[in-house]
Structure formats: structure tokens, C-alpha cells
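Data first, discussion second: the structure below is written as C-alpha cells.
The values are calculated or read from the model by the stated rules, or taken from the named source; none is laboratory data. Every value quoted in this text rests on a predicted model; they were computed, and no experiment measured them. Here the Cβ positions follow ideal geometry from the backbone for every residue, glycine too, while neighbour counts run over all protein chains shown.
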Amino acid sequence: MKSFLIALTGVFCMNCYAQQIPAPEENIPYLVTFAKDGVKSWGDDDFSQTWFFVVPKYQVKPVYLRIFDPETGGELDEKKVEFNSKTQYSIYGGKTCFTTKDVRDNKPTGNYKSGNLLYTKTFGSNEIYDGEWYTFGPFNPKEGEFVNEYGGYIFKVIAEGISGDDGNLYTYFLSESPVENKPVEGGNAFTFEYTFRLSDKPDNVAHLYPFIEENVISVKISNFDFDNDGNVNIISIAKKKELSNSSGDNIWATSEHKIIEQEKKTTLDVQFLKSKTKVIKNNNVTLFVTNQYGDMLPIYTMPIGGSPNSNYKVQFNQKKKTTTY
């Protein structure tokens, strides 16, 4: 593990938009978290999503976590019957915020809320935040948990659907400014389980980037509720394309893939390729990746050292209002 962490230090200085979640390179419009009484067949398997942000150790200025469209009840969100849902966002720092084994799980169980609670806020269907930004902070970088191998301080943010049955679509940005998206140079972001919205466009390609640690000899890629909406391909620095199993409605699909030496300490490009002919709208999918021991691998918003496949084109341009809070 340590060699993997050292390899990451400083990598993201070139990739400022690693702090935009999802990043433009992923071609994914939004994160998705459903409320606790939601229907799992709509794509969210556990109604909770955890992300980690790394602030470099040399950062002196305070940082802010900005959330776009945090409420559940507006144009972007997914209504079950009538909007009745609340989403709680909680930010953690301090010791054990990251270095607790329960955060590396695909289920929100055990001590996954470890660390010091720095800020929490619950959003309902208040339209004042529909299509707008809300800013948490300021946070002193040293309020995070310092992990030397990552080169900085780690903060954890958990989004949970605490009541209702609707789907909340939103994005994050780690910023140096409370009123605009100003990247923290050298920062980065990752998760261990990713629940996201696919574009509605036929033939669209979404990209997710799990990092392959040095001790990995095989991985299991698991995706949930892809609705047979196309294919799942794996691109690597050494392989042009390898087909992975794709899931149907409300089921998991898992496939195992061998890792060769050239692929270690690099990121895979797990591609969700929508069908060219049929149109499935509002398709939400969950993904996680484990190694041969069953340990979760981090999924980054930007590929480490550049994409394994530099020939694809980013097709989705996210449109957002610019009002800030």
C-alpha cells in the first residue's frame, strides 16, 4: 500500500480539475444519492455516498467544499411521486477520518463516520438552492487528517438520503474561494464506491478510473443497475479493450480481470458505453472495484499519469447557473 501512496504524491499538480466531481474527463453529468426509502432499482444500492478530498501539505490558505444543486426537489432531481426527501451532507477531518478500515467498504456500516465532524447541513426541497451552489467552509487544511504518503490532509464528505424516496443529483468542487470554483493546486479526490448518472445520449461513453496498486494481480469490477444499457469495456496502458460484465435492472454484475505488470501503479479506464440505438433516460449506476483480497480500490476523477486511451473525446458539457452562496 505504501508504494502506491508514494506514487500518488504530487501527481495531481497537473490535473487541477481533479477537484471537480465528476470531472469533465469522466463524461458523467452528476453524482446521485437517493433518499433512504428510495427504490434500489433506480440505481443507488445503499442511499449513501462517501468522497475523499486531499489538500496538499503545503497549502496555507483555507479551502471550501462547494456543492452544486444540494437540495432534492428541482429540475435536475429524480421524483418518485412528489418531492419529499432530505439529503444530509457531513464533512469530517482529524485523526481516523480516513485511516479507518470501515471507510473502505461498499456499504455504509461500522465506523464509516470516523473522525471529527466539522460541518453538517441537511437540504430538503428548498428551491433557493435549485441549480445553485452552496459553500461549506472555510476549513483550515490542518483540520483534515494528515497522511504523509498522500502528501497532504484528507477530508471526508458523506452524502446521505435521510428521509423520503427521491433521487438527488449534485456535484462537488474543492475550491480556494467561497464564491467561485478556484482549484486547490495539487489537490485531488477519490471514492471507493461511485454512484452516478449516465448521459441520456445514445452512444455516450462514461469513464471511471480505478487505481491499480503495486500488489494487485487481479481485480473484480462490480456494477449495479446498468439496465443492459450497453457495454462495459476496460482500457489499460497495455490492453486496447477488454469486455467486462454489464448489469441488468436492479442486479449486480461482476467480472474478474487479470492484471499484468505494466498495468500496476496506473489507472484503468472503465468505460460505460451506452447503446447506439435504444434510449434509456435517467440511468443511474453504481460501481466499485476490489483486488484479489477483496480490498476496495480507489476510484479517481482523473487518470493517474494521463488516460490509458488518449483518443476518446469528452462529449458531455455540463451547464450550470453561476449564482453562488
Open item on the list: Quick check on the range 212-220. Is at least one of its residues crowded, with 19+ Cβ neighbours inside 10 Å, among the hydroxyl-bearing types (Ser, Thr, Tyr) and either more than 13 Å from Val289 (Cα to Cα) or in the same structural domain as Asn291 (by TED's automatic domain parsing) (or both)?
Closed with: no
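Kindly evaluate Glu193 against the criterion of being within 21 Å of Phe52 (Cβ to Cβ) and over 19 Å from the mean Cα position of the chain (by Cα).
Values: within 21 Å of Phe52 (Cβ to Cβ): yes; over 19 Å from the mean Cα position of the chain (by Cα): no.
It is false that Glu193 is within 21 Å of Phe52 (Cβ to Cβ) and over 19 Å from the mean Cα position of the chain (by Cα).
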TODO: Working only within the range 31-60, note down all residues that are farther than 21 Å from Gly248 by Cα and either among the aromatic types (Phe, Trp, Tyr) or modelled with pLDDT under 90 (or both).
DONE: Trp51, Phe52, Phe53, Tyr58
Task: Spans of strands (runs of 3 or more DSSP E) in the range 39-115 with at least 3 residues closer than 20 Å to Phe224 by Cβ and in contact with a strand residue (DSSP E or B) (Cβ under 9 Å, 6 or more places away or on another chain) - done: 48-56
- [ ] Starting from the range 168-184, take each residue that is β-branched (Val, Ile, Thr) and at pLDDT 95 or above and list its partners that are crowded, with 23+ Cβ neighbours inside 10 Å and part of a loop (DSSP other than H, G, I, E, B), counting only C-beta distances under 8 angstrom and pairs at least six apart or across chains.
- [x] Thr171/Pro22; Thr171/Asp69
TODO: May I ask you to list the residues in the range 155-171 that are more than 21 Å from Asn111 (Cα to Cα) and touching a Leu at 6+ places or on another chain (Cβ under 8 Å)?
DONE: Leu169, Tyr170, Thr171
TODO: Taking the residues in the range 106-145 that are among the hydrophobic types (A, V, I, L, M, F, W, C) and farther than 27 Å from Lys61 by Cα as candidates, determine which candidate is surrounded by the fewest Cβ atoms within 10 Å (Cβ to Cβ).
DONE: Ile128
Task: Residues that are outside any loop (DSSP other than H, G, I, E, B) and within 21 Å of the chain's Cα centre (by Cα), drawn from the range 241-254 - done: Ser244, Trp252, Ala253, Thr254
Task: Qualifying residue in the range 73-94 (condition: in contact (Cβ under 8 Å) with a residue 12 or more places away in the chain and within 18 Å of Pro298 (Cα to Cα)) - done: no
Open item on the list: Against the condition among the acidic types (Asp, Glu), crowded, with 21+ Cβ neighbours inside 10 Å and either touching a strand residue (DSSP E or B) at 6+ places or on another chain (Cβ under 9 Å) or in the same structural domain as Gly167 (by TED's automatic domain parsing) (or both), how does Asp225 come out, does it pass?
Closed with: yes
TODO: Please work out which one of (1) at pLDDT 95 or above; (2) under 26 Å from Lys40 (Cβ atoms); (3) in a strand (DSSP E or B) is the condition Asp165 fails and give its number.
DONE: (3)
Task: Residue identified as modelled with pLDDT of 95 or more, in the same structural domain as Pro56 (by TED's automatic domain parsing), under 16 Å from Gln49 (Cα atoms) and among the hydrophobic types (A, V, I, L, M, F, W, C) among Phe136, Phe146, Phe155 - done: Phe155
Task: When residues of the range 284-306 are limited to those that are surrounded by fewer than 22 Cβ atoms within 10 Å (Cβ to Cβ) and among the polar types (S, T, N, Q), the one nearest to Asp44 (Cα to Cα) - done: Thr290
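Take the range 269-293 and flag every residue that is of a type in the set (S, T, N, Q) and assigned to a loop (DSSP other than H, G, I, E, B). Spell out the reasoning first.
In the first step, residues of the range 269-293 are kept if they are of a type in the set (S, T, N, Q); the result is 271, 275, 277, 282-284, 286, 290-292.
Those that are of a type in the set (S, T, N, Q) and assigned to a loop (DSSP other than H, G, I, E, B): Ser275, Thr277, Asn282, Asn283, Gln292.
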Task: Among residues of the range 189-238, those that are part of a loop (DSSP other than H, G, I, E, B) and in contact (Cβ under 8 Å) with a residue 24 or more places away in the chain, counted - done: 21
Open item on the list: Just the residues that are touching a residue at least 40 places away in the same chain (Cβ under 8 Å) and basic (Lys, Arg), please, taken from the range 142-167.
Closed with: Lys156
